[in-house]
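The values are calculated or read from the model by the stated rules, or taken from the named source; none is laboratory data. This is a predicted model, so every value here is computed, not measured. Because the Cβ atoms are built from the backbone with ideal geometry, glycine has one as well, and the counts that use them run over all protein chains shown. Each accessible area value is taken on the protein alone, full model and side chains, heavy atoms only, with ligands, DNA and RNA left out. Shrake-Rupley method; radii C 1.70, N 1.55, O 1.52, S 1.80 Å.
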Amino acid sequence: MTKITIAYAPDTNFVPLTLVSMASVLKNARKGDEIEFIIMYSQLEDKYLQTFDNLQSIKNYELKKIKIDEKIFDGFPCPNWVTVEAWFRCLLADLLPAEDMVLYLDCDTIVRGSLHELFKTDLGDNLVGVIEDVSASKQKAKNIALEDNFYFNSGVILINLKAWRKADFFGKLKNIVMTDCKISNDQDALNKTCDGLKCRLSPKYDYMQVWWRKNTPEYDEKYAAEYAKAEANPVIVHFTGKKPNHPACHNSFAPEFKEYAALVPAFDMLQKEIGIKEAGKGREKLPLWKRLFWIETSSDRKHKYITLIGITFKIKVR
């Protein structure tokens, strides 16, 4: 038996996409795969929360719904192409204290095979298992001064929760967000916090087909060959750009999305009710003068971080 724990963080607009992603996981799971879904949310109505329980006819699964206080992320940069929910995954080490590994998936993904092999990955001391971003990864790495020169796409992250707890991951990440002006979004912050502690996974686990523009991944020869091979039979497809529930999406895997959507009870009604909108409800980053001083409790609740003019002090409180 393989325990497979998968976390999502949808807002209302992404409920239909999340349900289809969940359905694809269940449809392609092995008989011996034990599936558990984690839904992190802040403002979902009960009628939408209830929909996440309605896929048991595909395969039995466990479900945890965890409400997050958005105020935790006050001052965190949130450009208009993402939602504040994108930051929720940064809390997973605290939210799942009994788990050692979780797979975070963006809502705009489908899973085309069992994830049991992925969950056998030995991450060692690495914080994450990830796939290099498909667009301008070298420039992005340079922009935030990554020492490992490896900028990953944060839509699929295999998380070493044990290592996150040991590193007090959220405390470290918040310190970076609040003191490094180069960090402009959640993906930047995750990359910087994990600098030098990333396990490179095969592109088949986060296949991004950039169909709407000319784009050549800046991969080395071996990784580029893996990316080309992944196109024929990826395990996880990530629909960057227009989403597969949008008529303007021409991703070659969009027809498969529709097949999984057919497994979701009342999907068409849900889709019509929610509508199709562009992602994002942008939030401005706090001005510099408001980021010069802040106090944060560590995830182990035994220390406090006090940051003053970019210098952080860790103080034991008990």
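List of remarks:
- Of everything in region 193-232 that is among the aliphatic types (A, V, I, L, M) and outside any helix (DSSP H, G or I), the residue that is nearest to Glu132 (Cα to Cα) is Leu201.
- Just one of the listed residues (Ala93, Ala86, Ala167, Ala189) is over 15 Å from Ala7 (Cβ atoms) and touching a helix residue (DSSP H, G or I) at 6+ places or on another chain (Cβ under 8 Å), and it is Ala189.
- Qualifying residues in region 30-43 (those that are modelled with pLDDT of 95 or more and outside any strand (DSSP E or B)) - the one farthest from the chain's Cα centre (by Cα): Arg30
- For region 35-42, the criterion of being β-branched (Val, Ile, Thr) and free of Cβ contacts under 8 Å to residues at least 60 places away in the same chain is met by at least one residue.
- Total residues in region 61-90, condition in contact (Cβ under 8 Å) with a residue 12 or more places away in the chain and open to solvent by 20 Å² or more (accessible area, probe 1.4 Å): 14
- Any chance Asp94 is of a type in the set (Asp, Glu) and touching a Ser or Thr at 6+ places or on another chain (Cβ under 6 Å): yes
- Scanning region 118-152 for residues that are open to solvent by 30 Å² or more (accessible area, probe 1.4 Å), closer than 12 Å to Tyr205 by Cβ and without any contact (Cβ under 8 Å) to a residue 60 or more places away in the chain returns no hits.
- Failed condition for Leu49, given (1) in a helix (DSSP H, G or I); (2) surrounded by 17 or more Cβ atoms within 10 Å (Cβ to Cβ); (3) touching a strand residue (DSSP E or B) at 6+ places or on another chain (Cβ under 9 Å): (2)
- Among the residues making up region 185-231, those that are more than 21 Å from Asp148 (Cβ to Cβ) and either within 16 Å of the chain's Cα centre (by Cα) or crowded, with 17+ Cβ neighbours inside 10 Å (or both) are Lys204, Tyr207, Gln209, Ala230.
- Looking across region 232-280, just one residue is open to solvent by 50 Å² or more (accessible area, probe 1.4 Å), aliphatic (A, V, I, L, M) and at pLDDT below 90, and that is Ile276.
- Matching residues, region 121-140, being hydrophobic (A, V, I, L, M, F, W, C) and modelled with pLDDT of 95 or more: Leu123, Leu127, Val128, Val130, Ile131
- Condition met for Asn245 (among the polar types (S, T, N, Q) and under 28 Å from Asn160 (Cβ atoms)): no
- On inspection, Gln56 does not qualify as over 17 Å from Val156 (Cα atoms), open to solvent by 20 Å² or more (accessible area, probe 1.4 Å) and in a helix (DSSP H, G or I).
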